[in-house]
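The values are calculated or read from the model by the stated rules, or taken from the named source; none is laboratory data. Predicted, not measured: the structure shown is a model, and the values here were computed from it. All Cβ positions, even for glycine, are placed from backbone atoms using ideal geometry, and neighbour counts span all protein chains on display. Heavy atoms of the whole protein, side chains included, go into the accessibility calculation; ligands, DNA and RNA do not. Shrake-Rupley method; radii C 1.70, N 1.55, O 1.52, S 1.80 Å.
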Amino acid sequence: MTATGPTVRTRDSPALVGVTTSGRGLLSSSDVGSANRARLLQSLVDDGPASRAELARRIKVPRATISSIVSGLLDSGVLIEEEPQPPVDGIGKPPRPLWFAPDALQCGAISVSRGAVDVAVVNARGEILSRRRVPIAPDGRTAELDRQILAAASAALADFRGRLSGIGLTVPALCDSRTSAVVACTPVPGLVGTRLPQLLAERFGVPCVLEQDVRAFAVGEKWFGQARGVRDFAALQFGVGVGAGVMLLGHLVSGRDGHTVQLGHTCVDPAGRPCSCGLRGCWETLTSSHWLRSEAVLRGIPGGRDTTPKRLAGRAAAGDQLAASLLADFSDNIAIGIANLVQLLSLQLFIIHGDVVHAGESFRAHLQASVLQRCMPALAHGVRVEFSELDQDSGLLGAAATVLTRELGVTL
């Protein structure tokens, strides 16, 4: 692709920079505009590999139509036929599942966090083909950060130049999808005013999608994680603050200008602590790493100023009652907000991201039990709280998933 056209964006979706207007990529605009083709690709994203017959059943399209669509996708190298699978009833010709080709739809993925940037190449299967992690100055000025991140991307993606479908850039920040701009960013203040989307599009000649990290987590879970085939769920991140990416009816929920929902700043204690946002008693004031560490210090837990959920879990497992009590309180605080989401949206699946996932299975089980205790009985059935299995790859896979969503014309 050649980035010769104007910036194109759609309402309530990530900003797309450097859209191709000349030349043919893997999928042309006419391809993406085909309703049946888009529905077939959507089915693969939602439910995984499938045979032609299974796809025809899923999307209720005649088998002949499916064969025609599949033929084009096979010829273009987007899909491949995998090894034949034994028939379910042992009768008939073994079906050959269709799945994304490993060499097609390779995406650049850039995940910025406080103190580091991860860069990778990811394909539509969720396989990381190459990766690189580079430290950055979290308090650096915008121009300095732009240089550092662009240099890291250039080094990591150089061998794939000309083969990338696009680049996904995720940041721990509030983003404006209309202008491809970072609006606010507490962990890395210098990202406000960044020109990275434009610079990356110009450097590599492919579109660049800018997205807030936690919204990308939700898209990544839909493509590659525990939310595949799930229409309604929330990806929640706990760390410096609280972030949420919410899917309803298979669509990513967006606020004004494409902003993420601000669940961390919903009030859970009217008389609670002041929040960095200027309000009081926000959910974030009881679930952030700052709260956990300050409580550890107040309760006299050794190493409290630098503690983490993982360290506290280790101390609790060794019999430290102070650590166990703090973890239980931390779990209850998180449960308050999750239960509110159950009551508000009737969600059943919550996928947790951040350092809290390293607190272990005992913590997760306590958290789920606490959530269920706070839910209306009529809504509690089926509610699950899970730690993300994508773990440290969440940012990169989320970044790649935002590109794939645009490239394939999938609706999320």
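Every residue, every condition in (1) aliphatic (A, V, I, L, M); (2) touching a strand residue (DSSP E or B) at 6+ places or on another chain (Cβ under 7 Å), yes or no:
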{"residue": "ARG215", "(1), (2)": "no, yes"}
{"residue": "VAL230", "(1), (2)": "yes, yes"}
{"residue": "LEU236", "(1), (2)": "yes, yes"}
{"residue": "VAL240", "(1), (2)": "yes, no"}
{"residue": "HIS251", "(1), (2)": "no, no"}
{"residue": "GLY255", "(1), (2)": "no, no"}
{"residue": "VAL261", "(1), (2)": "yes, yes"}
{"residue": "GLY264", "(1), (2)": "no, yes"}
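Conditions tested, residue by residue: (1) among the β-branched types (Val, Ile, Thr); (2) farther than 30 Å from GLY72 by Cβ; (3) over 21 Å from the mean Cα position of the chain (by Cα); (4) outside any strand (DSSP E or B).
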residue: ARG132; (1), (2), (3), (4): no, yes, no, no
residue: GLU144; (1), (2), (3), (4): no, yes, yes, yes
residue: LEU150; (1), (2), (3), (4): no, yes, yes, yes
residue: GLY162; (1), (2), (3), (4): no, no, yes, yes
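Tell me which residues, restricted to the stretch 243-256, are open to solvent by 40 Å² or more (accessible area, probe 1.4 Å) and on the phi > 0 side of the Ramachandran plot.
Of everything in the stretch 243-256, just one residue is open to solvent by 40 Å² or more (accessible area, probe 1.4 Å) and on the phi > 0 side of the Ramachandran plot, namely LEU249.
Yes or no: PHE204 open to solvent by 10 Å² or more (accessible area, probe 1.4 Å), more than 19 Å from the chain's Cα centre (by Cα) and farther than 20 Å from SER113 by Cα?
Yes; evaluated as a whole, the condition is true for this residue.
Table: residues versus (1) open to solvent by 20 Å² or more (accessible area, probe 1.4 Å); (2) touching a Gly at 6+ places or on another chain (Cβ under 7 Å); (3) touching a residue at least 40 places away in the same chain (Cβ under 8 Å).
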site	(1), (2), (3)
ALA109	no, yes, yes
VAL117	no, no, no
ILE128	yes, no, yes
SER154	yes, no, yes
LEU169	no, no, yes
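Let me confirm something: among VAL188, VAL214, VAL240, which residue is touching a residue at least 60 places away in the same chain (Cβ under 8 Å), open to solvent by less than 20 Å² (accessible area, probe 1.4 Å), in contact with a His (Cβ under 8 Å, 6 or more places away or on another chain) and not charged (D, E, K, R)?
VAL214
Would you mind finding the one in VAL403, VAL371 that is surrounded by 23 or more Cβ atoms within 10 Å (Cβ to Cβ), free of Cβ contacts under 8 Å to residues at least 40 places away in the same chain and of a type in the set (Val, Ile, Thr)?
Unique residue meeting the criteria: VAL371.
Restricting attention to helices (runs of 4 or more DSSP H) lying wholly within the stretch 1-82, give those where 2 or more residues are at pLDDT 50 or above and more than 22 Å from THR411 (Cβ to Cβ).
Passing ranges, in order: 52-59, 63-75.
Which residues, counting only those in the stretch 94-107, are in contact (Cβ under 8 Å) with a residue 12 or more places away in the chain and open to solvent by 40 Å² or more (accessible area, probe 1.4 Å)?
PRO95, ARG96, PRO102, ASP103
Taking the stretch 116-142, which residues are more than 20 Å from LYS222 (Cβ to Cβ) and among the β-branched types (Val, Ile, Thr)?
VAL117, VAL119, VAL121, VAL134, ILE136, THR142 - these are the residues of the stretch 116-142 that are more than 20 Å from LYS222 (Cβ to Cβ) and among the β-branched types (Val, Ile, Thr).
Restricting attention to the stretch 374-400, which residues are of a type outside the set (A, V, I, L, M) and surrounded by fewer than 22 Cβ atoms within 10 Å (Cβ to Cβ)?
Answer for the stretch 374-400, where residues must be of a type outside the set (A, V, I, L, M) and surrounded by fewer than 22 Cβ atoms within 10 Å (Cβ to Cβ): ARG374, CYS375, PRO377, HIS381, GLY382, ARG384, GLU386, PHE387, GLU389, ASP391, GLN392.
Collect the residues in the stretch 53-78 that are within 23 Å of GLY250 (Cα to Cα) and either touching a Phe, Trp or Tyr at 6+ places or on another chain (Cβ under 6 Å) or of a type in the set (Lys, Arg) (or both), keeping them in residue-number order.
Residues satisfying the conditions are ARG57, ARG58, LYS60.
Please specify each residue of the stretch 171-185 satisfying the condition of being in a loop (DSSP other than H, G, I, E, B) and either buried (at least 22 other Cβ atoms within 10 Å of the Cβ) or among the acidic types (Asp, Glu) (or both).
PRO172, ALA173, SER177, SER180, listed by residue number.
Does LEU196 satisfy the criteria of being open to solvent by less than 30 Å² (accessible area, probe 1.4 Å), farther than 18 Å from THR402 by Cα and not acidic (Asp, Glu)?
For LEU196, the condition - open to solvent by less than 30 Å² (accessible area, probe 1.4 Å), farther than 18 Å from THR402 by Cα and not acidic (Asp, Glu) - is not met.
Among the residues that make up the stretch 165-172, is at least one of them of a type in the set (S, T, N, Q) and modelled with pLDDT of 95 or more?
yes
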